Amino acid sequence: MSGLGGVVMQGMAFGAGSEIAHTAVRGLMGGSGSEAHEQQQVAPQQPVQDMCSQQNQDFLNCLQYNNNNIGACQNYLDLFKQCKGQY
């Protein structure tokens with residue numbers, strides 16, 4: 001597909017993959033997806049998020065660089081899970 005249609009399809013695929021990845025990270029961080037519920041949990045989880053924020057950012061950067069290919073970023077995900085398990 002070329003032209004505008006190709007760009008739209010690529011954007012939709014990127015958006016869907018990005019949402020899947022962000023949902024996975026929210027699931028690891030204990031979020032439910034509801035904004036009100038996340039705001040209530042921010043204070044208790046803040047130390048864990050701060051301690052693992054670099055691993056989380058590395059994972060998200062990898063996903064962005066690799067077009068949301070989670071398989072290509074498995075090592076970063078494992079490091080993030082390991083960090084979260086420590087705190």
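The values are calculated or read from the model by the stated rules, or taken from the named source; none is laboratory data. Just so it is clear, the model here is predicted, and its values are computed rather than measured. Because the Cβ atoms are built from the backbone with ideal geometry, glycine has one as well, and the counts that use them run over all protein chains shown.
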Counting only residues that are touching a Phe, Trp or Tyr at 6+ places or on another chain (Cβ under 8 Å) and free of Cβ contacts under 8 Å to residues at least 24 places away in the same chain, the stretch 62-76 contains a total of 3
Looking across the stretch 52-80 at residues that are surrounded by 14 or more Cβ atoms within 10 Å (Cβ to Cβ) and over 14 Å from Ala21 (Cα atoms), the single one that is nearest to the chain's Cα centre (by Cα) is Gln55
Output yes when any residue across the stretch 51-71 is at positive phi and modelled with pLDDT of 85 or more, and no when none is.
yes
